[in-house]
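Engineer: Here's a structure for you.
Quick note: the coordinates plus some simple rules give every number you see, no bench work behind them. Values in this document were obtained by computation on a predicted structure and should not be read as measured data. Backbone-built Cβ (ideal geometry, glycine too); neighbour counts: all protein chains shown.
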Amino acid sequence: MSPSNSSSTPFAEAMRGQQPQPEDRQFPAVLQDLYATASQRREGGAETFAPLPNGWTRMDDSTLQRAGIDPGLLHDAKSGFDAAFYRNEQGQVVLGFCGTDEGKDWKHNLGQGLGFDDAQYASAIQLGSQAKQAFGDQVVISGHSLGGGLAAASAMVNDIPAVTYNAAGVNDRTLERQGLDASAAKDYASSELIRGYHVKNEILTHLQEDSIPLKRAMPNAAGHQIELPEPDPLSFGRRLVPGMMLMHRMDLHGMDSVMKAQEMQSPGQAQGAGSQLFNDAVVRLDGQRERLGLRDDTAFLNTAASVAARASSDGLQRIDTWCPTATATA
């Protein structure tokens, strides 16, 4: 029996740690419902309550009020903030935060990432505090994209376990404004508080970790990171088409790609070592194209193939970092 299904272990406690739990595959459907709910709120219509897989249901305003939660905190039209609470048949609760659903939401990804005080992050932290008071050790947090950053910040400030997907990073200043030691909080998040899933090659993780100069300004996603396989990877030829890789990265960022990647994730479907090494080389070289004079896509891909071939001959399975020597040539 999975620890998260044990009736003797509180839900929040069972969801801690780096080991994936069954609920990690359930929350994406919950977050998809939240996106639909946020759209209904923006349009001014009444919220609908469709049944969700695995017994999860969205909690209505009256139920939240009885629990001591202010429903007015779930939506802020001015900032674009949206959240919802979901409960399953075992009484376990997940607080979900909506992600980058509108163009203006990207300013929250960038603004908070650069250290500015941000209204959506303040709302998420406040709502997490109310959630812990109301549901104690039966609540966890989840979110995607911007919502993943909101979830991570709220989790670290309120000490609530979280599961995130293609998440925005949390700037140290956001945590320090709450009185936390940012380095210690992020170490704790990585050791047991947050599991962060990201789809290989998706746009936000790429910008935060691999894209110069943004990777120096934007923090990486918080928590123990788990890479999901890339659905429908581009062929070598399609990578040569200008703009194609950017569009592909943006497609990979969405919730549909997260769910497809989770379905692919199994030992029997692991990517071949050669293809894996080539993809790793492409990612590691991408941020150094200008410095290495690899503006031409063909030269860039040929160099990536050479790096992958050398790594394979050296017996490597992955390329985590790559630092060219001063005499390296393309």
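Engineer: In what sequence, highest mean first, do 144-150, 68-74, 231-237 appear when ranked by Cβ atoms within 10 angstrom?
Structural biologist: 144-150, 68-74, 231-237
Engineer: Compute the Kirkwood hydrodynamic radius of segment 3-270, taking the inverse of the mean of 1/r over all pairs of distinct Cα atoms, and give it in Å to one decimal.
Structural biologist: One over the average 1/r among Cα pairs gives 18.6 Å for segment 3-270.
Engineer: Would you kindly state how much longer the chain becomes between residue 316 and residue 299 on full extension, computed as 0.36 nm times their sequence separation minus their alpha carbon distance, in nm to one decimal?
Structural biologist: Full-extension gain reported as 3.8 nm.
Engineer: Mind giving me the FRET efficiency for residue 67 and residue 183? R0 is 45 Å, r the Cβ-Cβ distance, nearest 0.05 is fine.
Structural biologist: 0.85
Engineer: Residues with beta-carbon under 13 Å from that of residue 195, excluding residue 195: net charge, scoring Lys, Arg +1 and Asp, Glu -1?
Structural biologist: Net local charge, residue 195 excluded: -2.
Engineer: So, by mean Cβ neighbours within 10 angstrom, what's the order for 194-203, 11-20, 181-190 with the highest one leading?
Structural biologist: Top of the packing list down: 194-203, 11-20, 181-190.
Engineer: Restricting everything to alpha-carbon atoms, can you work out Rg to Rh for segment 114-262 with a Kirkwood hydrodynamic radius?
Structural biologist: Using only Cα positions, Rg/Rh for segment 114-262 is 1.01.
Engineer: Which order results if 135, 49 are arranged by neighbouring Cβ count within 10 Å, fewest first?
Structural biologist: 49, 135
Engineer: Using the Kirkwood radius over C-alpha pairs as Rh, can you work out the diffusion coefficient of segment 3-72 via Stokes-Einstein at 4 °C, viscosity 1.567 mPa s, in µm² per second?
Structural biologist: Here the translational diffusion coefficient equals 91 µm²/s.
Engineer: What does the charge count near residue 161 come to, summing +1 for each Lys or Arg and -1 for each Asp or Glu among other residues with Cβ under 9 Å from its Cβ?
Structural biologist: Local charge sum for residue 161: -1.
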